[in-house]
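These notes are about the structure you will find just below.
The values are calculated or read from the model by the stated rules, or taken from the named source; none is laboratory data. Model, not experiment: these values are computed from the prediction. For neighbour counting, all protein chains shown are included, and Cβ atoms are generated from backbone atoms with ideal geometry for every residue, glycine included.
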Amino acid sequence: MSTVVRFAPELGIWLVDNLDRGIAPAALVQTMVAQRMELRAAQAIVDAYVAARHAGLPLPVDAVPLQDTAPDYVYETPILAPGPAIRAGERNIRVLARAQQPLLAVLADVISPDECRKLIELARPRLKPSTIVDVQTGQDVVTDYRTSYGMFFRLEENPFIARLDRRIAELMNLPLENGEGLQILHYPAGAGSAPHFDFLQPSNAANQASIARSGQRVSTLVTYLNEVEGGGETFFPAAGWSVTPQRGNAVYFEYCNSRSQVDQRSLHSSRPVLRGEKWVASKWTRQRRFVSAGME
């Protein structure tokens, strides 16, 4: 069964114009969500336009079908350990705040100031324009809606990275091998990211293959590597939380349960940097050992 999503014809004109310009469908969905359209509706509209164009069929005018909603996400016992502090490696990491729906935590002193500086130093010469995964093709694409620069370290690439990988795995309470490589992102003044999810949407062959190899992403840790002069907050609209970057602190969130449901309330964005710059280290963890496409 399905219901119908109705929209203004002007939205269709905007979609066609942007698709003709080569804007990734995922970026269009993110822009529509940022304008307060519900994610499933935005995804259904964009999917309908892309499918019609590929098939040479008439484009929708003012309505598309929307499949009935999936079961509500079931919140389970958090993976993150309880209590006011979590021991991870040689560090005692304080829990400053927690939320339950979506499951979030703000953590203090995850990475030391010296470690933050070293991560930035090692990452800087390897930065490239950040990409998003196009939900239709599974390809990494550069868009106007994510204006940061990034790079990935290989898991346990060197002794320094290995020490951080082990500490973060202990903190996130999942095996080391379930973690993807540590990602470093740099946001210069004016840069940010549109609302998005960290879980993989199985809407293309690449994501389906990745989920088959390693399972779904289940949690994220974003650690701030510098003090930001203004802006750059990590914003979770469903929780009403805006996490201010502070060097060494982190925000942690979970979004996949034991039933492989994903939490739509984990939608988040990086607000634009108003003054200065912003550096973060992000870690994504999977349900099983992470195996990249190149490791097969």
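Which residues, counting only those in region 255-296, are free of Cβ contacts under 8 Å to residues at least 60 places away in the same chain and either within 30 Å of Glu227 (Cβ to Cβ) or in contact with a strand residue (DSSP E or B) (Cβ under 7 Å, 6 or more places away or on another chain) (or both)?
Across region 255-296, the qualifying residue is only Cys256.
Please go through region 46-72 and give me each residue that is of a type outside the set (D, E, K, R) and touching a strand residue (DSSP E or B) at 6+ places or on another chain (Cβ under 7 Å), ordered by number. Walk me through it before giving the result.
Start the filter on region 46-72 by keeping residues that are of a type outside the set (D, E, K, R), which leaves 46, 48-52, 54-61, 63-67, 69-71.
The answer is Ala48, Ala63, Val64, Pro65, Leu66, Gln67.
For Val262, are the conditions met, namely being farther than 30 Å from Cys116 by Cβ and within 13 Å of the chain's Cα centre (by Cα)? Please lay out each step first, then the result.
Numbers: farther than 30 Å from Cys116 by Cβ: yes; within 13 Å of the chain's Cα centre (by Cα): yes.
For Val262, the condition - farther than 30 Å from Cys116 by Cβ and within 13 Å of the chain's Cα centre (by Cα) - is met.
Looking only at region 33-81, count every residue that is among the hydrophobic types (A, V, I, L, M, F, W, C) and assigned to a helix (DSSP H, G or I) and tell me the total.
Pass one, region 33-81, residues among the hydrophobic types (A, V, I, L, M, F, W, C): 33-34, 37, 39, 41-42, 44-46, 48, 50-52, 55, 57, 59, 61, 63-64, 66, 70, 74, 79-81.
Filter once more, keeping what is assigned to a helix (DSSP H, G or I): 33-34, 39, 41-42, 44-46, 48, 50-52, 55.
Of the residues in region 33-81, 13 are among the hydrophobic types (A, V, I, L, M, F, W, C) and assigned to a helix (DSSP H, G or I).
Mind telling me which of the residues Val29, Val61 ends up being loosely packed, with under 14 Cβ neighbours inside 10 Å and closer than 14 Å to Gly12 by Cα? Steps first, please.
Values: Val29 fails: loosely packed, with under 14 Cβ neighbours inside 10 Å.
After ruling out the rest, the residue left standing is Val61.
So how many residues does region 69-78 have that are under 19 Å from Trp241 (Cβ atoms) and modelled with pLDDT of 95 or more? Quick ask: steps written out before the conclusion?
So the first thing to find is which residues in region 69-78 are under 19 Å from Trp241 (Cβ atoms), and the list is 73, 75, 78.
Narrowing further to those that are modelled with pLDDT of 95 or more: 75, 78.
Total satisfying the criteria: 2.
Can you list residue pairs whose Cβ atoms sit under 7 Å apart, with the first residue in region 43-60 being over 15 Å from Gln30 (Cα atoms) and the second being surrounded by 14 or more Cβ atoms within 10 Å (Cβ to Cβ) and hydroxyl-bearing (Ser, Thr, Tyr)? Count only pairs 6 or more apart in sequence or on different chains.
Leu59/Tyr49; Pro60/Tyr49
Kindly list the number of the only condition in (1) at pLDDT 95 or above; (2) within 27 Å of Gln35 (Cα to Cα); (3) over 13 Å from the mean Cα position of the chain (by Cα) that fails for Glu227.
Tallying (1) at pLDDT 95 or above; (2) within 27 Å of Gln35 (Cα to Cα); (3) over 13 Å from the mean Cα position of the chain (by Cα), Glu227 fails exactly one: (2).
Could you go through region 151-171 and let me know if any residue there is at pLDDT below 95 and under 15 Å from the mean Cα position of the chain (by Cα).
From region 151-171, those at pLDDT below 95 are none; that's our starting set.
Looking for residues that are at pLDDT below 95 and under 15 Å from the mean Cα position of the chain (by Cα), one finds none in region 151-171, hence no.
Name every residue in region 181-191 that is part of a loop (DSSP other than H, G, I, E, B) and buried (at least 20 other Cβ atoms within 10 Å of the Cβ), in order of residue number.
First pass over region 181-191, keeping only residues part of a loop (DSSP other than H, G, I, E, B): 181-182, 188-191.
Within region 181-191, Leu182, Ala191 meet the criteria.
Before we move on, is Pro202 without any contact (Cβ under 8 Å) to a residue 60 or more places away in the chain, buried (at least 19 other Cβ atoms within 10 Å of the Cβ) and either more than 16 Å from the chain's Cα centre (by Cα) or farther than 22 Å from Pro82 by Cα (or both)? Working first, answer last.
On the way: without any contact (Cβ under 8 Å) to a residue 60 or more places away in the chain: yes; buried (at least 19 other Cβ atoms within 10 Å of the Cβ): no; either more than 16 Å from the chain's Cα centre (by Cα) or farther than 22 Å from Pro82 by Cα (or both): yes.
No, not satisfied.
Please find, among Ala108, Ala99, the residue that is touching a Lys or Arg at 6+ places or on another chain (Cβ under 6 Å), farther than 19 Å from Leu174 by Cα, surrounded by fewer than 19 Cβ atoms within 10 Å (Cβ to Cβ) and in the same structural domain as Arg286 (by TED's automatic domain parsing). First the steps, then the outcome.
Details: Ala99 fails: touching a Lys or Arg at 6+ places or on another chain (Cβ under 6 Å).
Testing whether each residue is touching a Lys or Arg at 6+ places or on another chain (Cβ under 6 Å), farther than 19 Å from Leu174 by Cα, surrounded by fewer than 19 Cβ atoms within 10 Å (Cβ to Cβ) and in the same structural domain as Arg286 (by TED's automatic domain parsing) leaves just Ala108.
Could you check region 20-30 and list, in sequence order, the residues that are in a helix (DSSP H, G or I) and more than 20 Å from Ala63 (Cβ to Cβ)?
If we filter region 20-30 for residues that are in a helix (DSSP H, G or I), which is where we start, we get 20, 25-30.
Selection gives Asp20, Ala26, Ala27, Gln30.
Which of the numbered conditions does His268 fail, given that it passes all the others? Conditions: (1) buried (at least 23 other Cβ atoms within 10 Å of the Cβ); (2) modelled with pLDDT of 95 or more; (3) within 14 Å of the chain's Cα centre (by Cα).
(2)
If I filter region 9-24 for residues that are at pLDDT below 90 and under 19 Å from Pro202 (Cα atoms), do I get at least one hit?
Looking for residues that are at pLDDT below 90 and under 19 Å from Pro202 (Cα atoms), one finds at least one in region 9-24, hence yes.
Quick test for you: out of Asn226, Asn207, pick the one residue that is in contact with a Gly (Cβ under 7 Å, 6 or more places away or on another chain) and either in a loop (DSSP other than H, G, I, E, B) or not aliphatic (A, V, I, L, M) (or both). Give the derivation first.
On the way: Asn226 fails: in contact with a Gly (Cβ under 7 Å, 6 or more places away or on another chain).
Selected residue: Asn207, the only one of Asn226, Asn207 that is in contact with a Gly (Cβ under 7 Å, 6 or more places away or on another chain) and either in a loop (DSSP other than H, G, I, E, B) or not aliphatic (A, V, I, L, M) (or both).
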